[in-house]
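Engineer: What follows is a single structure, and I will ask about it in a moment.
Read the figures in this text as sums done on the coordinates, not as results from a lab. As the structure is a computational prediction, the values presented were derived from the model and not from experiment. Glycine gets a Cβ as well: all are built from the backbone with ideal geometry, and neighbour counts include every protein chain shown.
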Ligand SMILES: C[S@@+](CC[C@H](N)C(=O)[O-])C[C@H]1O[C@@H](n2cnc3c(N)ncnc32)[C@H](O)[C@@H]1O
């Protein structure tokens, strides 16, 4: 598949998903960000990332979130004291919502609609900190391409936190369930061809709809680690957790698989 088409399909699918996400949030973010203490990072399962964030001094720092979706996580991070933020995302609808929320939050941030792989060179060596959160890496066919951009944008000694869905969780993304024993639906850990979400991307409202075609990729843990290391970024810490970040029920195996992981790293 020509990659340009893949990214344009994903852009259309994420624009379509934004309508469902906004319905699920029911303007709670617009109301929430009016309160200077409001932060979506306060959600219970973010405690592991909050522990790491506490160890970083954000004052005077320039930070980013890639991809940033509707900006809620970057706006929450800004409340830790950073000087300036820039969020990047491919979805037109997510970026326009992020701009609305930034105005409400009165934050010194801007949001840029772009394929993350094509972020402008004016942002080279621009950031002290980049956050990468759940459901991000799966949209990039080649993680080396993605982390070469992250490395290019970081200042020397700039930090990243990756708080991501574990590849083991993606075993279940194509409908596999231990209860149903439908092993033909189990996504191979080694699968390199793209997967789809035909029933949509509404992981907030859990509404199913006929999605515009979109393409996501299984990435092995070793692929994530190699792509970071091969791009001049030093891993400082790595841990795995048994919980689901998006609350999808996998009750049969809860507590038995790693479903999320956290990596802290630094540009050499
Ligand atoms: C699951 S969200 C991850 C962000 C955040 N954790 C969240 O849950 O809102 C995935 C985001 O990736 C964006 N995205 C997908 N492919 C992209 C690309 N090539 N460049 C930039 N953003 C992309 C989508 O538009 C979407 O906002």
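Engineer: Set the Förster radius R0 to 25 Å, insert the Cβ-Cβ distance between residue 256 and residue 55 as r into 1/(1 + (r/R0)^6), and round the FRET efficiency to 0.05.
Structural biologist: Calculated value: 0.25.
Engineer: Can you sort 88, 172 so the residue with the fewest Cβ neighbours within 10 Å comes first?
Structural biologist: 172, 88
Engineer: Between residue 235 and residue 79, what is the FRET efficiency for a Förster distance of 25 Å, r being their Cβ-Cβ separation, to the nearest 0.05?
Structural biologist: The value I calculate is 0.40.
Engineer: Could you work out the relative contact order of segment 36-141, using alpha carbon pairs under 8 angstrom and six or more residues apart, expressed as a whole percent?
Structural biologist: 29 percent.
Engineer: Could you calculate the contour length gain from residue 92 to residue 225, that is, 0.36 nm times the residue separation minus the distance between their Cα atoms, to one decimal place in nm?
Structural biologist: Contour length minus Cα-Cα distance gives 44.8 nm.
Engineer: What nm distance separates the two modelled labels at residue 3 and residue 125, each placed 7 Å from Cα along Cα→Cβ?
Structural biologist: Result: 2.5 nm between the two label points.
Engineer: Given the C-alpha centroids of segment 41-59 and segment 175-203, what is the distance between them in whole angstrom?
Structural biologist: 31
Engineer: How far apart, in nm, are two points set 7 Å out from the Cα along the Cα-to-Cβ line at residue 207 and at residue 195?
Structural biologist: Taking the two extended label points, one gets 2.4 nm.
Engineer: When 216, 14 are ordered from fewest to most other Cβ atoms inside 10 Å of their Cβ, what list results?
Structural biologist: 216, 14
Engineer: If I build a Gaussian network model for the chain, linking alpha-carbon pairs within less than 10 angstrom, which residue out of 43, 191, 83 has the largest mean-square fluctuation?
Structural biologist: 43
Engineer: Run lengths n ≥ 4 of DSSP H only: what is the helix-derived mean residue ellipticity at 222 nm for the chain, with -39500 (n - 2.57) per run over all residues, to the nearest 500?
Structural biologist: -8500 deg cm²/dmol
Engineer: If each residue of separation counts as 0.36 nm, what is the full-extension length gain between residue 181 and residue 106 once their alpha-carbon separation is subtracted?
Structural biologist: The span from residue 181 to residue 106 would gain 22.0 nm if fully extended.
Engineer: Something else now. Assuming a ≥ b ≥ c are the square roots of the Cα gyration tensor eigenvalues, decide whether the chain counts as rounded (a/c under 1.5), prolate (otherwise, with a/b larger than b/c) or oblate.
Structural biologist: It is rounded, given that a/c, with a ≥ b ≥ c, falls under 1.5.
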